[in-house]
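J.: I'd like to ask you about the structure that follows.
The values are calculated or read from the model by the stated rules, or taken from the named source; none is laboratory data. Just so you know, these numbers come straight off a predicted model, no measurement behind them. Here the Cβ positions follow ideal geometry from the backbone for every residue, glycine too, while neighbour counts run over all protein chains shown.
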Amino acid sequence: MRLRSLLALSDTGLELVTGEDELDRFVRWVVTTDMLDPSRYLSGGELVLTGLQWWTASADSDAFIAALARAKVAAVAAGDALYGEPPADLVEACRRHRIPLFRVREEFAFATVAEQINRNLSTGRAADLAAVLDRHRKLVSGGGLDSVLELIHRNLGTACWVVSSTGRVVAGPVKAPPEQTRIACLAAPRLPDVITSEGSRFTLFAVDPDGTSRVADWFMVFESDYKDWPEERRAIVAELAGIVALERVRLDDRQSAEGRLAQELVELIVSDAKPADIVSRLELTGLGLSERYLAVAATADSGGVRPRELRSLLREILYDRSPAAGVIDGEAILLVPIGEDGTLEDRIHRAVEALEPGLQGSRLAVGISGGVDGESLRGAVEEARYARRMAAERDQPTSVVRHDELATHMLLLASVPDEVRRMFRVRLLDPLSNYDRDNRADLIHTLETFLQVSGSWTKCAELLHLHVNTLRYRVQRIEELTDRDLSRLEDRVDFFLALALR
């Protein structure tokens, strides 16, 4: 409620003494005090009622009003009961510190004045709450974010957009904000931030800075500098952020029937489920058996993007493709219809690289398979997951490995039935894994290193920090446990493929 509205209230006995130019200030609450310095008990925006008990000399007026100015109160109202009217030095101090001064006629008790004003303030807050609920109702009933942003524009006179971390304009005016604003949403050291672009000032806010990683968040872009806003406009930002967050939750498919079916489909693909079960679930999910698909797998290192956020982020990159998405052991996996777009891999690659400023020290690894039909999804997912593991080995913030960068033997293995691959891996490596577990040995790592250096005893011993004789003993144990001979090329190849299938 504004100060000028106080003069229209009956039963308050308020009369303006000075401060006509400050009557557009907002009153947040009413406080009564007769302390000379009550500033530590004030938080700003109050109407301070005082009986002037603190006044003993003209210097007291300046001390009292200066304390109120530091506390950023809205105004002060002095009672007539003690001195009949506000002392002249009090009026002068109010003018000097730009604090509006009211007088309260003697026949009006402070308790009555405070009750009348606070009742009107409570009514105003109820109206504000009703307005908030009405905006939420419009949002849920189908008005969407565009209607809310239009309301902001119409009432505040500033354009506002909601953009995703990929730069997609989720809602807002037809003319999109400058590209620089979208980049700054990810790269700014902290938000809110103000930038200048194309001759205008833009303020950038994160929608959920405390609950969502920067790279996976949505952002609000205002075509104005929030530092110039009055307090009531700044308060609207938090309200708008809540509405935007609600819309994002509404669009999250994880709790929908389609989202749950997609998760189940991904779980079936990476398990030992029968191909017929996968095909059946594929049709339930709404994906066509004859369509062509890419599989995409992605992880972020610990402390970075959460798996659920990573899933949403990949869906955002491919929002127009309606991908089926799931999360398995912290790895996000998407099945993406290719359609007629032959540049989909390039699009994913560019989008992932553009996210680097928002990672803030984390690393994002992505693998992309080749195109397959619905009956070959398992092989595509295996290929994407292997490509993702290769990407994770690279020491860079974002890394994307595509199917054409994979070794040809992995393409071959991806087409082999799951049961055959599992039995091949188990037969060769389980004896070594069991021995390592029971004896606290390191035969698997020794085998892997030995193959990496093409069987060089000296190089392998150096890498493992072992004596060559100790290395020879370990290799002998590997050969005894597996009934293989590591001097034979065929056996080395078998071990190499088994290790690749882990």
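J.: If a residue counts only when it is at negative phi and small (G, A, S), which strands (runs of 3 or more DSSP E) contained entirely in segment 161-272 have at least 2 such residues? First the steps, then the outcome.
T.: Values: elements: 169-171, 193-197, 200-206, 218-222.
Ranges flagged: 200-206.
J.: Just for strands (runs of 3 or more DSSP E) wholly inside segment 1-68: which have at least 3 residues that are under 16 Å from R95 (Cβ atoms) and touching a residue at least 40 places away in the same chain (Cβ under 8 Å)?
T.: Result: 14-18.
J.: Moving to a separate point now. Mind telling me which of the residues L191, L186, L240 ends up being modelled with pLDDT of 90 or more, buried (at least 21 other Cβ atoms within 10 Å of the Cβ), closer than 26 Å to L149 by Cα and touching a Phe, Trp or Tyr at 6+ places or on another chain (Cβ under 9 Å)? Working first, answer last.
T.: Working: L191 fails: buried (at least 21 other Cβ atoms within 10 Å of the Cβ); L240 fails: modelled with pLDDT of 90 or more.
Matching residue, one of L191, L186, L240: L186.
J.: Something else now. Consider only pairs whose beta carbons are under 6 Å apart and that are at least six residues apart or on different chains; among these, list those whose first residue lies in segment 470-496 and is assigned by TED's automatic domain parsing to the domain that holds L447 and whose second residue is among the polar types (S, T, N, Q) and modelled with pLDDT of 85 or more.
T.: Final answer for the pair search is R474/T446.
J.: Scan segment 50-66 residue by residue and report those that are under 21 Å from A114 (Cα atoms) and surrounded by fewer than 23 Cβ atoms within 10 Å (Cβ to Cβ). First the steps, then the outcome.
T.: Let us first name the residues in segment 50-66 that are under 21 Å from A114 (Cα atoms), namely 50-54, 64-65.
Selection gives G51, L52, Q53, W54.
A quick yes/no check of all residues on (1) basic (K, R); (2) within 28 Å of R233 (Cβ to Cβ); (3) at pLDDT 90 or above:
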residue: L7; (1), (2), (3): no, yes, no
residue: T18; (1), (2), (3): no, yes, yes
residue: V27; (1), (2), (3): no, yes, no
residue: G44; (1), (2), (3): no, yes, no
residue: D62; (1), (2), (3): no, no, yes
residue: E85; (1), (2), (3): no, no, no
residue: A93; (1), (2), (3): no, no, yes
residue: I99; (1), (2), (3): no, yes, yes
residue: E115; (1), (2), (3): no, no, no
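J.: Pairs under 6 Å by beta carbon, first residue outside the structural domain of A206 (by TED's automatic domain parsing) in segment 244-260, partner modelled with pLDDT under 85, six or more apart or different chains?
T.: G259/D253
J.: I want to confirm something. Restricting to segment 5-23 and keeping residues that are in contact with a helix residue (DSSP H, G or I) (Cβ under 8 Å, 6 or more places away or on another chain) and acidic (D, E), which single residue is farthest from L47 (Cα to Cα)?
T.: Of everything passing the filter in segment 5-23, D11 is farthest from L47 (Cα to Cα).
J.: Would you tally the residues in segment 150-207 being out of contact with any strand residue (DSSP E or B) (no Cβ under 8 Å at 6 or more places or on another chain), farther than 22 Å from E239 by Cβ and among the basic types (K, R)?
T.: Within segment 150-207, the first condition is being out of contact with any strand residue (DSSP E or B) (no Cβ under 8 Å at 6 or more places or on another chain), and the residues that meet it are 150-151, 154-157, 166-168, 174-175, 179, 183, 186-187, 189-190, 197-200.
If we keep only those that are farther than 22 Å from E239 by Cβ as well, we get 166-168, 174-175, 179, 183, 186-187, 189, 197-200.
Remaining after also requiring among the basic types (K, R): 168, 175.
So the count comes out to 2.
J.: List the pairs whose first member sits in segment 154-165 and is over 19 Å from E247 (Cβ atoms), whose second member is part of a strand (DSSP E or B) and at pLDDT 90 or above, and whose Cβ atoms are under 7 Å apart, counting only residues at least 6 apart or on separate chains?
T.: Once the first residue is over 19 Å from E247 (Cβ atoms) and sits in segment 154-165, its partners that are part of a strand (DSSP E or B) and at pLDDT 90 or above give T158/F222.
J.: Report those strands (runs of 3 or more DSSP E) wholly inside segment 287-351 carrying at least 1 residues which are touching a Gly at 6+ places or on another chain (Cβ under 7 Å). I'd like the intermediate steps shown before the answer.
T.: Working: elements: 292-300, 324-328, 331-337.
Per the criteria, 292-300, 331-337.
J.: Looking only at residues in segment 77-102 that are touching a residue at least 60 places away in the same chain (Cβ under 8 Å) and in a loop (DSSP other than H, G, I, E, B), which one is farthest from V113 (Cα to Cα)?
T.: Per the criteria, the residue is R98.
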